[in-house]
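The values are calculated or read from the model by the stated rules, or taken from the named source; none is laboratory data. Worth saying up front: this structure is predicted, and the values here are computed from it rather than measured. Heads up, the Cβs are rebuilt from the backbone with ideal geometry, glycines too, and the neighbour counts pull from every protein chain shown.
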2 protein chains.
Amino acid sequence: MPPKPSLTPLPGSCATCGVRPHDLFRAVPAEQIDKVAATRAAVRLARAGQPIHDTVFSLFAGWAFTWRATPEGRRQILDFHLPGDLVEHDEAGEETVTALTDASFCVLSRERLCAFMGRDACLAMSYAEGLSEDRARLRERLTSLGRRDALGRLAHLLLELQGRLAKRGTASGDGGPLPLRQAHLADALGLSVEHVNRALAQLRRNRVALLRKGRLEILDRAALGALADWPDAPAPALLATRGRARPG
Amino acid sequence: MPPKPSLTPLPGSCATCGVRPHDLFRAVPAEQIDKVAATRAAVRLARAGQPIHDTVFSLFAGWAFTWRATPEGRRQILDFHLPGDLVEHDEAGEETVTALTDASFCVLSRERLCAFMGRDACLAMSYAEGLSEDRARLRERLTSLGRRDALGRLAHLLLELQGRLAKRGTASGDGGPLPLRQAHLADALGLSVEHVNRALAQLRRNRVALLRKGRLEILDRAALGALADWPDAPAPALLATRGRARPG
DNA sequence: CGGAATGTTGAGGTTACTCAAAATAAGTGG
DNA sequence: CCACTTATTTTGAGTAACCTCAACATTCCG
(Lines give C-alpha, C1' and ligand atoms only; values in the text may rest on other atoms or scores of the structure.)
Protein backbone atom coordinates (compact mmCIF):
# COMPACT_ATOMS: atom_id res chain seq x y z
CA MET A 1 0.00 0.00 0.00
CA PRO A 2 1.36 3.42 -0.90
CA PRO A 3 1.73 5.97 1.92
CA LYS A 4 -1.55 7.52 3.03
CA PRO A 5 -2.56 9.99 0.36
CA SER A 6 -2.44 13.64 1.34
CA LEU A 7 -5.72 15.15 2.36
CA THR A 8 -4.63 18.45 0.88
CA PRO A 9 -4.44 18.65 -2.90
CA LEU A 10 -1.12 19.99 -4.10
CA PRO A 11 -0.98 23.49 -5.51
CA GLY A 12 -1.15 23.76 -9.27
CA SER A 13 0.45 26.66 -11.09
CA CYS A 14 0.77 30.02 -9.38
CA ALA A 15 -1.66 31.43 -11.93
CA THR A 16 -4.54 29.38 -10.65
CA CYS A 17 -3.37 29.06 -7.04
CA GLY A 18 -6.37 29.31 -4.73
CA VAL A 19 -4.61 31.11 -1.91
CA ARG A 20 -2.81 33.70 -4.00
CA PRO A 21 -5.55 36.33 -3.54
CA HIS A 22 -4.68 36.25 0.17
CA ASP A 23 -0.94 35.82 0.09
CA LEU A 24 2.22 37.82 -0.41
CA PHE A 25 1.79 37.87 -4.17
CA ARG A 26 -1.74 39.21 -4.20
CA ALA A 27 -0.58 42.52 -5.74
CA VAL A 28 1.43 40.99 -8.57
CA PRO A 29 -0.34 41.58 -11.91
CA ALA A 30 -1.35 38.60 -14.00
CA GLU A 31 1.29 39.08 -16.65
CA GLN A 32 4.08 38.69 -14.11
CA ILE A 33 2.95 35.42 -12.58
CA ASP A 34 5.95 33.73 -14.11
CA LYS A 35 8.18 35.83 -11.89
CA VAL A 36 6.29 34.54 -8.88
CA ALA A 37 6.73 31.01 -10.08
CA ALA A 38 10.45 31.68 -10.41
CA THR A 39 10.81 32.39 -6.70
CA ARG A 40 9.38 28.98 -5.95
CA ALA A 41 12.10 26.51 -5.15
CA ALA A 42 9.98 23.48 -4.38
CA VAL A 43 6.56 22.28 -3.38
CA ARG A 44 6.61 20.19 -0.26
CA LEU A 45 4.40 18.34 2.15
CA ALA A 46 4.74 17.94 5.90
CA ARG A 47 2.84 15.56 8.12
CA ALA A 48 1.10 16.81 11.23
CA GLY A 49 3.59 17.29 14.03
CA GLN A 50 6.63 17.38 11.81
CA PRO A 51 9.09 20.25 11.92
CA ILE A 52 9.51 22.35 8.79
CA HIS A 53 13.07 23.37 8.16
CA ASP A 54 12.62 25.52 5.11
CA THR A 55 13.27 29.09 6.10
CA VAL A 56 10.86 30.83 3.71
CA PHE A 57 7.66 29.29 2.49
CA SER A 58 4.11 30.10 1.57
CA LEU A 59 1.56 27.83 3.18
CA PHE A 60 -0.82 26.38 0.65
CA ALA A 61 -2.97 24.01 2.67
CA GLY A 62 -3.05 22.98 6.31
CA TRP A 63 -1.91 24.75 9.46
CA ALA A 64 1.49 25.34 11.02
CA PHE A 65 2.82 27.18 14.04
CA THR A 66 6.01 28.87 15.19
CA TRP A 67 7.21 28.25 18.71
CA ARG A 68 10.09 28.63 21.06
CA ALA A 69 11.34 26.04 23.49
CA THR A 70 12.32 26.69 27.06
CA PRO A 71 15.18 24.86 28.71
CA GLU A 72 12.62 23.09 30.89
CA GLY A 73 11.03 21.49 27.86
CA ARG A 74 8.04 23.78 27.79
CA ARG A 75 7.14 25.80 24.79
CA GLN A 76 5.62 29.13 23.88
CA ILE A 77 3.66 29.20 20.66
CA LEU A 78 4.37 32.51 18.95
CA ASP A 79 1.98 32.34 16.06
CA PHE A 80 -0.30 30.08 14.10
CA HIS A 81 -0.04 29.98 10.32
CA LEU A 82 -2.99 29.49 8.00
CA PRO A 83 -3.18 28.83 4.26
CA GLY A 84 -1.84 31.80 2.36
CA ASP A 85 0.50 32.93 5.11
CA LEU A 86 4.11 33.61 4.35
CA VAL A 87 6.27 31.95 6.99
CA GLU A 88 9.87 32.89 7.65
CA HIS A 89 12.42 31.91 10.20
CA ASP A 90 16.16 31.71 10.71
CA GLU A 91 17.44 28.22 10.68
CA ALA A 92 19.94 29.36 13.29
CA GLY A 93 17.42 31.10 15.55
CA GLU A 94 15.66 29.79 18.60
CA GLU A 95 12.37 29.50 16.80
CA THR A 96 10.96 26.36 15.28
CA VAL A 97 8.15 25.90 12.78
CA THR A 98 6.01 22.78 13.01
CA ALA A 99 3.12 21.50 10.93
CA LEU A 100 -0.04 21.43 12.98
CA THR A 101 -1.98 19.39 10.46
CA ASP A 102 -0.79 17.72 7.30
CA ALA A 103 0.30 20.67 5.25
CA SER A 104 1.56 21.50 1.79
CA PHE A 105 3.53 24.59 1.02
CA CYS A 106 5.68 26.31 -1.58
CA VAL A 107 9.26 26.73 -0.56
CA LEU A 108 10.62 30.04 -1.77
CA SER A 109 14.17 31.02 -2.54
CA ARG A 110 15.12 33.82 -0.23
CA GLU A 111 17.56 35.20 -2.78
CA ARG A 112 15.11 35.24 -5.63
CA LEU A 113 12.37 36.63 -3.46
CA CYS A 114 14.60 39.42 -2.20
CA ALA A 115 15.71 40.19 -5.73
CA PHE A 116 12.11 40.36 -6.86
CA MET A 117 11.22 42.66 -3.98
CA GLY A 118 14.27 44.80 -4.65
CA ARG A 119 12.92 45.47 -8.13
CA ASP A 120 9.23 45.59 -7.34
CA ALA A 121 8.41 48.00 -4.55
CA CYS A 122 4.77 46.91 -4.56
CA LEU A 123 5.79 43.42 -3.63
CA ALA A 124 8.04 44.78 -0.91
CA MET A 125 5.13 46.80 0.47
CA SER A 126 2.91 43.78 0.35
CA TYR A 127 5.54 41.94 2.37
CA ALA A 128 5.67 44.82 4.82
CA GLU A 129 1.92 44.71 5.11
CA GLY A 130 2.09 41.10 6.17
CA LEU A 131 4.71 41.92 8.78
CA SER A 132 2.54 44.73 10.03
CA GLU A 133 -0.39 42.34 10.49
CA ASP A 134 1.85 39.93 12.33
CA ARG A 135 2.89 42.72 14.62
CA ALA A 136 -0.69 43.76 15.28
CA ARG A 137 -1.60 40.20 16.12
CA LEU A 138 1.35 39.83 18.45
CA ARG A 139 0.43 43.05 20.19
CA GLU A 140 -3.05 41.73 20.78
CA ARG A 141 -1.62 38.52 22.20
CA LEU A 142 0.78 40.39 24.38
CA THR A 143 -2.13 42.31 25.80
CA SER A 144 -3.88 39.02 26.41
CA LEU A 145 -1.01 37.44 28.28
CA GLY A 146 -0.27 40.59 30.18
CA ARG A 147 -3.68 41.76 31.23
CA ARG A 148 -6.39 39.20 30.56
CA ASP A 149 -7.31 36.19 32.66
CA ALA A 150 -7.53 32.64 31.36
CA LEU A 151 -11.07 32.93 30.09
CA GLY A 152 -10.36 36.22 28.37
CA ARG A 153 -7.23 34.91 26.71
CA LEU A 154 -9.03 31.87 25.43
CA ALA A 155 -12.00 33.82 24.12
CA HIS A 156 -9.69 36.26 22.43
CA LEU A 157 -7.63 33.62 20.69
CA LEU A 158 -10.70 31.75 19.50
CA LEU A 159 -12.09 34.93 18.01
CA GLU A 160 -8.78 35.83 16.43
CA LEU A 161 -8.48 32.50 14.68
CA GLN A 162 -12.10 32.51 13.68
CA GLY A 163 -11.66 35.95 12.18
CA ARG A 164 -8.62 34.92 10.21
CA LEU A 165 -10.44 31.90 8.86
CA ALA A 166 -13.47 33.96 7.98
CA LYS A 167 -11.31 36.37 6.00
CA ARG A 168 -10.26 33.43 3.87
CA GLY A 169 -13.81 32.18 3.53
CA THR A 170 -12.99 29.05 5.50
CA ALA A 171 -15.22 29.80 8.46
CA SER A 172 -18.66 31.25 8.85
CA GLY A 173 -19.77 33.56 11.62
CA ASP A 174 -20.65 30.78 13.99
CA GLY A 175 -17.74 28.44 13.64
CA GLY A 176 -15.08 26.82 11.53
CA PRO A 177 -12.37 24.19 11.48
CA LEU A 178 -9.91 24.49 14.35
CA PRO A 179 -7.47 21.62 14.49
CA LEU A 180 -5.78 22.64 17.74
CA ARG A 181 -5.26 20.36 20.73
CA GLN A 182 -5.74 21.87 24.16
CA ALA A 183 -1.97 21.67 24.55
CA HIS A 184 -1.57 24.10 21.67
CA LEU A 185 -3.98 26.53 23.23
CA ALA A 186 -2.15 26.23 26.53
CA ASP A 187 1.23 26.88 24.95
CA ALA A 188 -0.08 29.83 22.98
CA LEU A 189 -1.83 31.37 25.96
CA GLY A 190 0.82 30.77 28.62
CA LEU A 191 -1.45 28.50 30.63
CA SER A 192 -1.37 24.90 31.77
CA VAL A 193 -3.32 22.33 29.78
CA GLU A 194 -5.52 21.63 32.77
CA HIS A 195 -6.46 25.23 33.16
CA VAL A 196 -7.29 25.57 29.49
CA ASN A 197 -9.45 22.54 29.87
CA ARG A 198 -11.35 24.11 32.71
CA ALA A 199 -11.81 27.33 30.79
CA LEU A 200 -13.10 25.46 27.75
CA ALA A 201 -15.46 23.52 30.01
CA GLN A 202 -16.79 26.80 31.30
CA LEU A 203 -17.44 28.11 27.80
CA ARG A 204 -19.18 24.85 27.00
CA ARG A 205 -21.24 24.79 30.19
CA ASN A 206 -22.44 28.32 29.59
CA ARG A 207 -23.23 27.66 25.93
CA VAL A 208 -20.81 30.30 24.70
CA ALA A 209 -18.54 28.20 22.52
CA LEU A 210 -17.75 24.60 21.85
CA LEU A 211 -14.49 23.08 20.65
CA ARG A 212 -14.49 19.45 19.66
CA LYS A 213 -13.39 17.17 16.90
CA GLY A 214 -11.32 19.87 15.32
CA ARG A 215 -14.20 22.30 14.97
CA LEU A 216 -15.09 25.44 16.82
CA GLU A 217 -18.73 26.31 17.27
CA ILE A 218 -19.55 29.75 18.54
CA LEU A 219 -22.89 29.62 20.27
CA ASP A 220 -22.99 33.11 21.68
CA ARG A 221 -20.75 35.48 19.83
CA ALA A 222 -21.68 38.47 21.96
CA ALA A 223 -20.75 36.70 25.16
CA LEU A 224 -17.49 35.47 23.67
CA GLY A 225 -16.65 38.95 22.51
CA ALA A 226 -17.43 40.38 25.89
CA LEU A 227 -15.11 37.88 27.55
CA ALA A 228 -12.38 38.57 25.05
CA ASP A 229 -12.62 42.29 25.35
CA TRP A 230 -11.98 42.25 29.00
CA PRO A 231 -12.76 40.25 32.11
CA ASP A 232 -15.09 42.66 33.82
CA ALA A 233 -16.12 46.03 32.59
CA PRO A 234 -17.87 45.64 29.26
CA ALA A 235 -19.60 42.37 30.09
CA PRO A 236 -22.76 42.79 32.13
CA ALA A 237 -22.89 39.32 33.65
CA LEU A 238 -23.34 37.42 30.44
CA LEU A 239 -21.75 34.47 32.13
CA ALA A 240 -23.00 33.37 35.46
CA THR A 241 -19.84 31.78 36.74
CA ARG A 242 -16.67 33.80 36.45
CA GLY A 243 -14.77 32.04 39.20
CA ARG A 244 -16.42 32.03 42.58
CA ALA A 245 -18.36 35.06 43.64
CA ARG A 246 -16.44 37.96 45.14
CA PRO A 247 -16.82 38.28 48.91
CA GLY A 248 -17.71 41.99 48.77
CA MET B 1 10.56 83.42 31.76
CA PRO B 2 10.16 81.28 28.61
CA PRO B 3 8.92 77.70 29.06
CA LYS B 4 11.51 75.34 30.49
CA PRO B 5 14.03 74.77 27.70
CA SER B 6 14.03 71.33 26.14
CA LEU B 7 16.77 69.03 27.30
CA THR B 8 16.94 67.53 23.86
CA PRO B 9 18.44 69.64 21.08
CA LEU B 10 16.22 69.80 18.02
CA PRO B 11 17.26 67.92 14.92
CA GLY B 12 19.05 69.91 12.29
CA SER B 13 18.88 68.93 8.65
CA CYS B 14 18.38 65.32 7.65
CA ALA B 15 21.85 65.33 6.14
CA THR B 16 23.54 65.74 9.49
CA CYS B 17 20.91 64.05 11.61
CA GLY B 18 22.57 62.04 14.33
CA VAL B 19 20.10 59.20 14.41
CA ARG B 20 19.78 58.65 10.68
CA PRO B 21 22.43 55.90 10.62
CA HIS B 22 20.05 53.89 12.81
CA ASP B 23 16.70 54.85 11.38
CA LEU B 24 14.42 54.06 8.48
CA PHE B 25 16.43 56.17 6.07
CA ARG B 26 19.78 54.59 6.78
CA ALA B 27 19.92 53.08 3.28
CA VAL B 28 19.14 56.27 1.40
CA PRO B 29 22.23 57.51 -0.44
CA ALA B 30 23.60 60.95 0.35
CA GLU B 31 22.47 62.55 -2.89
CA GLN B 32 18.82 61.78 -2.13
CA ILE B 33 18.65 63.25 1.34
CA ASP B 34 16.40 65.98 0.01
CA LYS B 35 13.78 63.34 -0.71
CA VAL B 36 13.96 62.27 2.91
CA ALA B 37 13.54 65.85 4.01
CA ALA B 38 10.49 66.08 1.77
CA THR B 39 8.68 63.38 3.72
CA ARG B 40 9.08 65.42 6.85
CA ALA B 41 5.94 67.34 7.69
CA ALA B 42 7.04 68.94 10.94
CA VAL B 43 9.45 68.77 13.83
CA ARG B 44 7.74 68.56 17.15
CA LEU B 45 8.37 68.25 20.83
CA ALA B 46 6.40 66.41 23.47
CA ARG B 47 6.74 66.66 27.23
CA ALA B 48 7.13 63.56 29.34
CA GLY B 49 3.78 61.90 29.85
CA GLN B 50 2.05 63.62 26.99
CA PRO B 51 0.28 61.66 24.29
CA ILE B 52 1.56 61.94 20.73
CA HIS B 53 -1.18 62.05 18.17
CA ASP B 54 0.90 62.11 15.00
CA THR B 55 0.45 58.79 13.29
CA VAL B 56 3.87 58.47 11.68
CA PHE B 57 7.00 59.90 13.14
CA SER B 58 10.67 59.27 13.59
CA LEU B 59 11.89 59.71 17.11
CA PHE B 60 14.88 61.99 17.31
CA ALA B 61 15.57 62.33 21.02
CA GLY B 62 13.90 60.97 24.12
CA TRP B 63 11.79 57.89 24.71
CA ALA B 64 8.19 57.01 23.97
CA PHE B 65 5.98 53.97 24.33
CA THR B 66 2.91 52.45 22.73
CA TRP B 67 0.22 51.01 24.96
CA ARG B 68 -3.29 49.77 25.08
CA ALA B 69 -5.84 50.56 27.72
CA THR B 70 -8.15 48.07 29.36
CA PRO B 71 -11.69 48.99 30.31
CA GLU B 72 -10.63 48.66 33.95
CA GLY B 73 -8.17 51.50 33.54
CA ARG B 74 -5.14 49.27 33.42
CA ARG B 75 -2.71 49.33 30.58
CA GLN B 76 -0.46 47.02 28.63
CA ILE B 77 2.68 48.58 27.25
CA LEU B 78 3.29 47.08 23.82
CA ASP B 79 6.65 48.58 23.00
CA PHE B 80 9.18 51.18 23.99
CA HIS B 81 10.56 53.52 21.39
CA LEU B 82 14.11 54.86 21.38
CA PRO B 83 15.79 57.57 19.33
CA GLY B 84 15.88 56.56 15.68
CA ASP B 85 12.79 54.38 15.87
CA LEU B 86 10.02 54.85 13.38
CA VAL B 87 6.71 54.92 15.22
CA GLU B 88 3.37 54.34 13.55
CA HIS B 89 -0.14 53.99 14.75
CA ASP B 90 -3.71 54.39 13.61
CA GLU B 91 -5.39 57.37 15.08
CA ALA B 92 -8.57 55.32 15.08
CA GLY B 93 -7.02 52.22 16.70
CA GLU B 94 -7.00 51.16 20.32
CA GLU B 95 -3.34 51.95 20.68
CA THR B 96 -1.91 55.12 22.13
CA VAL B 97 1.60 56.56 21.94
CA THR B 98 2.91 58.54 24.86
CA ALA B 99 6.18 60.36 25.47
CA LEU B 100 8.08 58.70 28.27
CA THR B 101 10.60 61.52 28.61
CA ASP B 102 10.66 64.89 26.95
CA ALA B 103 11.03 63.95 23.33
CA SER B 104 11.53 65.54 19.95
CA PHE B 105 10.59 63.87 16.73
CA CYS B 106 10.08 64.39 13.02
CA VAL B 107 6.50 63.99 11.90
CA LEU B 108 6.34 62.30 8.52
CA SER B 109 3.69 62.52 5.89
CA ARG B 110 2.26 59.08 5.37
CA GLU B 111 1.42 59.86 1.77
CA ARG B 112 4.84 61.16 0.86
CA LEU B 113 6.55 58.35 2.70
CA CYS B 114 4.45 55.75 0.93
CA ALA B 115 5.10 57.39 -2.39
CA PHE B 116 8.82 57.37 -1.70
CA MET B 117 8.72 53.72 -0.72
CA GLY B 118 6.64 52.89 -3.78
CA ARG B 119 9.44 54.21 -5.94
CA ASP B 120 12.39 53.08 -3.87
CA ALA B 121 12.28 49.39 -3.06
CA CYS B 122 15.35 49.70 -0.86
CA LEU B 123 13.50 52.06 1.42
CA ALA B 124 10.54 49.72 1.48
CA MET B 125 12.83 46.87 2.47
CA SER B 126 14.39 48.99 5.15
CA TYR B 127 10.90 49.65 6.47
CA ALA B 128 10.16 45.93 6.37
CA GLU B 129 13.35 45.27 8.27
CA GLY B 130 12.18 47.50 11.05
CA LEU B 131 8.85 45.73 11.21
CA SER B 132 10.66 42.43 11.33
CA GLU B 133 12.70 43.60 14.30
CA ASP B 134 9.55 44.76 16.02
CA ARG B 135 8.07 41.34 15.48
CA ALA B 136 11.11 39.58 16.85
CA ARG B 137 11.02 41.77 19.92
CA LEU B 138 7.32 41.13 20.44
CA ARG B 139 7.89 37.41 20.13
CA GLU B 140 10.51 37.57 22.82
CA ARG B 141 8.15 39.49 25.06
CA LEU B 142 5.34 37.08 24.39
CA THR B 143 7.61 34.28 25.47
CA SER B 144 8.40 36.25 28.60
CA LEU B 145 4.80 36.82 29.56
CA GLY B 146 3.81 33.31 28.66
CA ARG B 147 6.56 31.25 30.17
CA ARG B 148 8.85 33.26 32.41
CA ASP B 149 8.30 34.25 36.01
CA ALA B 150 8.53 37.80 37.30
CA LEU B 151 12.28 37.78 37.82
CA GLY B 152 12.88 36.30 34.39
CA ARG B 153 10.61 38.80 32.70
CA LEU B 154 12.30 41.69 34.40
CA ALA B 155 15.81 40.47 33.64
CA HIS B 156 14.87 39.91 30.04
CA LEU B 157 13.39 43.34 29.55
CA LEU B 158 16.33 45.06 31.16
CA LEU B 159 18.71 43.22 28.88
CA GLU B 160 16.59 43.94 25.84
CA LEU B 161 16.56 47.66 26.51
CA GLN B 162 20.21 47.69 27.39
CA GLY B 163 20.99 45.92 24.14
CA ARG B 164 18.99 48.37 22.10
CA LEU B 165 20.73 51.28 23.75
CA ALA B 166 24.11 49.72 23.25
CA LYS B 167 23.42 49.32 19.53
CA ARG B 168 22.95 53.08 19.40
CA GLY B 169 26.05 53.72 21.44
CA THR B 170 24.02 55.16 24.29
CA ALA B 171 24.83 52.45 26.81
CA SER B 172 27.93 50.54 27.71
CA GLY B 173 28.05 46.91 28.69
CA ASP B 174 27.39 47.58 32.31
CA GLY B 175 24.61 50.08 32.19
CA GLY B 176 22.91 53.00 30.62
CA PRO B 177 20.13 55.54 30.96
CA LEU B 178 16.74 53.97 31.68
CA PRO B 179 14.07 56.54 32.41
CA LEU B 180 11.32 54.07 33.28
CA ARG B 181 9.21 54.14 36.43
CA GLN B 182 8.39 50.83 38.05
CA ALA B 183 4.84 51.31 36.82
CA HIS B 184 6.11 51.19 33.24
CA LEU B 185 7.95 47.98 33.90
CA ALA B 186 4.85 46.53 35.51
CA ASP B 187 2.63 47.48 32.60
CA ALA B 188 5.09 46.13 30.08
CA LEU B 189 5.60 42.86 31.94
CA GLY B 190 2.02 42.15 32.93
CA LEU B 191 2.81 42.41 36.63
CA SER B 192 1.71 44.60 39.50
CA VAL B 193 3.88 47.51 40.56
CA GLU B 194 4.41 45.94 43.95
CA HIS B 195 5.65 42.72 42.48
CA VAL B 196 8.03 44.51 40.14
CA ASN B 197 9.32 46.37 43.14
CA ARG B 198 10.02 43.12 44.97
CA ALA B 199 11.75 41.67 41.93
CA LEU B 200 13.93 44.77 41.56
CA ALA B 201 14.74 44.58 45.24
CA GLN B 202 15.89 41.03 44.77
CA LEU B 203 18.18 41.98 41.90
CA ARG B 204 19.57 44.75 44.04
CA ARG B 205 20.00 42.59 47.12
CA ASN B 206 21.86 39.97 45.14
CA ARG B 207 24.04 42.54 43.41
CA VAL B 208 22.82 41.58 39.94
CA ALA B 209 21.45 44.88 38.74
CA LEU B 210 20.48 48.24 40.08
CA LEU B 211 17.88 50.64 38.76
CA ARG B 212 17.71 54.10 40.25
CA LYS B 213 17.55 57.69 39.24
CA GLY B 214 16.87 56.83 35.66
CA ARG B 215 19.96 54.69 35.24
CA LEU B 216 20.42 50.96 35.01
CA GLU B 217 23.58 49.46 36.37
CA ILE B 218 24.30 45.88 35.54
CA LEU B 219 26.51 44.44 38.25
CA ASP B 220 26.52 40.82 37.18
CA ARG B 221 25.69 40.39 33.54
CA ALA B 222 26.05 36.62 33.60
CA ALA B 223 23.57 36.27 36.42
CA LEU B 224 21.13 38.61 34.74
CA GLY B 225 21.42 36.67 31.51
CA ALA B 226 20.87 33.41 33.31
CA LEU B 227 17.73 34.75 34.92
CA ALA B 228 16.47 36.10 31.62
CA ASP B 229 17.12 32.97 29.70
CA TRP B 230 14.97 30.89 31.90
CA PRO B 231 14.05 30.49 35.50
CA ASP B 232 15.78 27.22 36.21
CA ALA B 233 17.77 25.15 33.80
CA PRO B 234 20.68 27.23 32.53
CA ALA B 235 21.35 29.01 35.81
CA PRO B 236 23.47 27.04 38.25
CA ALA B 237 22.30 28.74 41.41
CA LEU B 238 23.81 32.13 40.68
CA LEU B 239 21.19 33.65 42.88
CA ALA B 240 20.71 32.28 46.34
CA THR B 241 17.09 33.24 46.81
CA ARG B 242 14.72 32.36 44.04
CA GLY B 243 11.60 32.24 46.15
CA ARG B 244 11.63 29.89 49.07
CA ALA B 245 13.41 26.58 48.69
CA ARG B 246 11.48 23.74 47.14
CA PRO B 247 10.28 21.13 49.63
CA GLY B 248 11.69 18.16 47.70
C1' DC C 1 -8.36 -5.21 20.62
C1' DG C 2 -4.68 -2.80 22.86
C1' DG C 3 -1.68 1.15 23.34
C1' DA C 4 -0.97 5.93 23.02
C1' DA C 5 -2.52 10.42 22.88
C1' DT C 6 -5.83 13.50 24.51
C1' DG C 7 -9.21 15.21 27.51
C1' DT C 8 -11.30 15.63 32.37
C1' DT C 9 -11.49 16.04 37.27
C1' DG C 10 -9.78 16.72 42.06
C1' DA C 11 -6.61 18.17 45.87
C1' DG C 12 -3.13 20.95 47.45
C1' DG C 13 0.63 24.34 46.74
C1' DT C 14 2.85 28.71 44.80
C1' DT C 15 3.12 32.84 42.43
C1' DA C 16 1.57 37.01 41.96
C1' DC C 17 -2.39 40.13 43.14
C1' DT C 18 -5.02 43.36 46.11
C1' DC C 19 -5.46 46.42 49.66
C1' DA C 20 -3.42 49.37 52.91
C1' DA C 21 -0.03 52.18 54.81
C1' DA C 22 4.56 54.10 55.53
C1' DA C 23 8.81 55.93 53.75
C1' DT C 24 11.30 58.52 50.06
C1' DA C 25 11.82 61.33 46.41
C1' DA C 26 10.45 64.97 43.36
C1' DG C 27 8.13 69.29 42.42
C1' DT C 28 6.21 73.92 43.41
C1' DG C 29 5.26 78.28 45.14
C1' DG C 30 6.72 81.43 48.58
C1' DC D 1 16.16 77.35 51.05
C1' DC D 2 11.86 75.90 53.19
C1' DA D 3 6.96 74.23 53.77
C1' DC D 4 3.86 71.91 51.25
C1' DT D 5 1.95 68.78 47.88
C1' DT D 6 2.28 65.03 44.88
C1' DA D 7 4.41 61.09 42.72
C1' DT D 8 6.97 57.12 43.42
C1' DT D 9 8.94 53.45 45.97
C1' DT D 10 8.83 50.12 49.70
C1' DT D 11 6.92 46.90 53.02
C1' DG D 12 3.36 43.86 55.00
C1' DA D 13 -0.74 40.80 55.37
C1' DG D 14 -4.22 38.27 53.32
C1' DT D 15 -6.29 36.35 48.94
C1' DA D 16 -7.22 34.63 44.25
C1' DA D 17 -5.74 32.64 40.03
C1' DC D 18 -3.28 29.43 38.23
C1' DC D 19 0.02 25.54 38.63
C1' DT D 20 1.54 20.79 39.78
C1' DC D 21 0.76 16.20 40.60
C1' DA D 22 -2.05 12.32 40.20
C1' DA D 23 -5.78 9.70 38.69
C1' DC D 24 -9.11 8.41 35.57
C1' DA D 25 -12.02 8.69 31.26
C1' DT D 26 -12.15 9.06 26.50
C1' DT D 27 -10.88 9.20 21.85
C1' DC D 28 -7.80 7.98 18.20
C1' DC D 29 -5.39 4.62 15.38
C1' DG D 30 -2.92 0.92 14.00
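For the reader, a short list of remarks on this structure follows.
- Test: residue in the range B:72-88 that is among the β-branched types (Val, Ile, Thr), under 19 Å from B:LEU178 (Cβ atoms), in contact with a helix residue (DSSP H, G or I) (Cβ under 8 Å, 6 or more places away or on another chain) and outside any helix (DSSP H, G or I): yes
- The single condition among (1) basic (Lys, Arg); (2) surrounded by 15 or more Cβ atoms within 10 Å (Cβ to Cβ); (3) free of Cβ contacts under 8 Å to residues at least 40 places away in the same chain that A:ARG164 does not satisfy is (3).
- Matching residues, the range A:39-81, being under 30 Å from B:ALA226 (Cα atoms) and free of Cβ contacts under 8 Å to residues at least 60 places away in the same chain: A:PRO51, A:ILE52, A:HIS53, A:THR55, A:THR66, A:ARG68, A:ALA69, A:THR70, A:PRO71, A:GLU72, A:GLY73, A:ASP79
- Number of the condition not met by A:PRO9 [criteria: (1) surrounded by fewer than 18 Cβ atoms within 10 Å (Cβ to Cβ); (2) assigned by TED's automatic domain parsing to the domain that holds A:GLU94; (3) at pLDDT below 85]: (2)
- Check on B:LEU142, more than 11 Å from DNA strand C (Cβ to nearest atom), within 22 Å of A:ASP149 (Cα to Cα) and surrounded by 15 or more Cβ atoms within 10 Å (Cβ to Cβ): yes
- The range A:186-210 residues that are within 14 Å of another protein chain (Cβ to nearest Cβ) and at positive phi, paired with ones that are crowded, with 17+ Cβ neighbours inside 10 Å and in a helix (DSSP H, G or I) (beta carbon under 8 Å, 6 or more apart): A:GLY190/A:LEU145; A:GLY190/A:ARG153; A:GLY190/B:LEU145; A:GLY190/B:GLY146; A:GLY190/B:ARG147
- Criterion applied to B:ARG110, B:ARG141, B:ARG148, B:ARG119 was being of a type in the set (Lys, Arg) and more than 9 Å from chain A (Cβ to nearest Cβ), and the one residue passing it is B:ARG110.
- Any hit, the range A:188-199, residues being under 30 Å from A:ARG20 (Cβ atoms), crowded, with 21+ Cβ neighbours inside 10 Å and under 16 Å from the mean Cα position of the chain (by Cα): yes
- Any hit, the range B:122-130, residues being more than 9 Å from chain A (Cβ to nearest Cβ) and of a type in the set (S, T, N, Q): yes
- Considering only residues in the range A:108-118 that are assigned to a helix (DSSP H, G or I) and among the hydrophobic types (A, V, I, L, M, F, W, C), the one that is nearest to the chain's Cα centre (by Cα) turns out to be A:LEU113.
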